[in-house]
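Chemist: Once you've had a glance at the structure underneath, I'll fire off some questions.
Only the coordinates and a few stated rules stand behind these numbers; no lab work does. As the structure is a computational prediction, the values presented were derived from the model and not from experiment. With ideal geometry, Cβ positions are generated from the backbone for all residues, glycine too; neighbour counts draw on all protein chains shown.
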Amino acid sequence: MNIDFDFIVRLFPDVFSYLPITLKIVLYALLVSFPVGVIMALINVKKIKGLSQIVRVYISLIRGTPLILHIYVIYTIGPFFIEKVFKTLHFKKSVYDVDNIVYAIIALSLTTTVSISEAIRAGLLSVDKGQEEAGYSVGLSKLQTFLRIVFPQALVAAFPVIGNTIVELIKGTSLSFLVSVTEITGRAKIVGGVELRYFEAYLTIFFVYIILIGTVELIIKALEKRTGRYRYGGQYAKS
Amino acid sequence: MQRVLRSIIGAIVAKGKMSKHKLLRALASIYVSITRCTPSIVLLFLVFYGLPAVLYDSFGIDINGIDTVFFVCITFSIFLGASSSEIIRGAYEAVSKGQFEAGLSVGLSEFQTFIRIILPQMLKFAMPNIGNMVIFMFKEGALCYTIGLRDVLGEAYFLSSKEFNAYSLSMYIALTFIYWPITIILERAFGYFEWKLTPKLSNEELTTKLGEEA
């Protein structure tokens, strides 16, 4: 096997320059899915009639189908919806101006929403009921109690799972080349195809992904330690 | 799909051994973290394009004509080897050491103790995770269409391109209703196994036990 190391060295910075696009997908998908996930978790925990059944079916549906299918479905029906929205709002843009990255973001946020809502739901359930009552007893309103007392504790409990979700999301972005978004994997596929060196191209992005996700995991671990300080009500923080 | 599943079992055994040896632990943890850090599609492409070349150049084995399923099996074995080793390690640690010693003390050999005492208990702890893993695998299996394997998704894609992609949406909906029920069935089945494996006490046993404690 004669691996062309020059090619790898040459390709590495080239692929690395497409890192912002991957990160952009991750960032937007998180921005979309985090609030929606929190709302879905709340609906599930509070057992709001009607809505909670819909949310449960949605969660089951998304968990029961592969990501690749979500991406294709969004890519197929997305343009119709966007065109309709544009028409009703009287935008002058056409669907063809919409970047493909939008479909990748939507498809990835479907899955991420579900995992985040499940994580937060477990976090909310792990917070003791007494905390909420304590909040009311000192005169906080319902919203204040939730935002200041219950939610921060739930977030700390859910943090490790959310970290896993982010890692899964980054891994998922590699599929967005299927809707012709040129991110890391897409770029490697193009260059590998041009020079007929698929193996080297994929070897390069293999390393890029290891560096990227390894860094993200280290950051998450550090944050986990930081947030974990408040886990026991601060009583162990001093020791 | 079944072939893939079969290869998981091989990986489980290999990795289970691996995590017990302390010398290999460092190597194993590097392997686990690397597979955690790679998207499955990248590994799939790497195996698909790299393996034939490596095998041909270093061993002179020509596997160009081989079925694509082979590559899919290898990729997912690499992946699931990592996750199943973690599951098995967790389950092994969850079973208390006293169980092993108790087995030895009544005269069972080490192997017998493992098979009859430790393994059933390990299974109970590992079942939910194994279920998750199989479902995850089942969904990731859809990726193998990207290297040209005609599985459910590949076949559907082939059929829809015969019709010039006119019915692609209905094809995707049909696929949803293939994947969704199967996942639900798998979830239920593993839930049932888990319930079966949990030791249940009858009412009499429970009262005597409570009486002893009181």
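Chemist: For the range A:19-181, take N as its residue count and report Rg(C-alpha) divided by 2.2 N^0.38 Å.
Modeler: Dividing the Cα Rg of the range A:19-181 by 2.2 N^0.38 Å gives 1.20.
Chemist: What ranking of A:R63, A:R10, A:R187 emerges when the number of other C-beta atoms within 10 Å of each C-beta is taken as an exposure proxy, fewest first?
Modeler: Numbers: A:R63 18, A:R10 14, A:R187 24.
Placing the least packed residue first, the sequence is A:R10, A:R63, A:R187.
Chemist: Related question: If the limit is 23 Å between Cα atoms, which of A:K47/A:K129; A:K49/A:K129; A:K171/B:K124 go over it? Before the final figure, lay out the partial values.
Modeler: Details: A:K47/A:K129 16 Å; A:K49/A:K129 21 Å; A:K171/B:K124 30 Å.
The answer is A:K171/B:K124.
Chemist: Is the protein assembly as shown best put as rounded, prolate or oblate by its Cα gyration tensor, with a ≥ b ≥ c the root eigenvalues, rounded for a/c under 1.5, and otherwise prolate when a/b is larger than b/c, oblate when not?
Modeler: Values: a/c = 1.65, a/b = 1.15, b/c = 1.43.
Judged from the Cα gyration tensor, the protein assembly as shown comes out oblate (a/c at least 1.5, b/c at or above a/b).
Chemist: Follow-up question, since we're still on this one. Rounded to the nearest 500, what is the 222 nm mean residue ellipticity of the protein assembly as shown from helices alone, with -39500 (n - 2.57) per DSSP H run of 4+ residues and division by all residues?
Modeler: Values: 20 runs with 347 residues, N = 453.
So the helix-based figure for the protein assembly as shown works out to -26000 deg cm²/dmol.
Chemist: Rounding to the nearest 20 debye, state how big the charge dipole of the protein assembly as shown is about its Cα centre with +1 on each Lys and Arg Cβ and -1 on each Asp and Glu Cβ. Intermediate results must be reported in sequence, preceding the final value.
Modeler: Details: 44 positive and 33 negative charges, 236 e Å.
Value, rounded to 20: 1140 debye.
Chemist: Also, I was wondering about something else. Are there any GluC sites (Glu not before Pro) in the range B:64-168 that are in a DSSP loop and have at most 14 other Cβ atoms within 10 Å? List them by number. Each step should come with its number before you reach the end.
Modeler: Values: sites: B:E86, B:E93, B:E101, B:E110, B:E140, B:E155, B:E163; in loops: B:E163.
Passing both the DSSP loop test and the Cβ count: B:E163.
Chemist: Here's a follow-up. May I ask you to sort A:I184, B:I173, B:I78 by Cβ crowding, counting other Cβ atoms within 10 Å and putting the fewest first?
Modeler: Details: A:I184 26, B:I173 13, B:I78 20.
Least crowded to most crowded, the residues run B:I173, B:I78, A:I184.
Chemist: Here's another thing I want to ask about it. If you line up the long axis of helix A:51-64 against the longest principal axis of chain A, both from Cα atoms, how many degrees apart are they, to the nearest 10?
Modeler: Helix A:51-64 sits roughly 30 degrees off the main axis of chain A.
Chemist: So how do A:K189, A:K171, A:K93 line up by other beta-carbon neighbours within 10 Å, fewest first?
Modeler: Lowest to highest Cβ neighbour count: A:K93, A:K189, A:K171.
Chemist: Mind checking the angle between helix A:67-89 and chain A's longest principal axis? C-alpha axes, 0 to 90 degrees, to the nearest 10.
Modeler: Helix A:67-89 and the main axis of chain A meet at about 80 degrees.
Chemist: Follow-up question, since we're still on this one. How high is the relative contact order of the range B:62-183, given as a whole-number percent (alpha carbon pairs under 8 Å, six or more residues apart)? Please report the intermediate quantities before stating the final value.
Modeler: On the way: 56 pairs, mean separation 28.9, N = 122.
So the answer I get is 24 percent.
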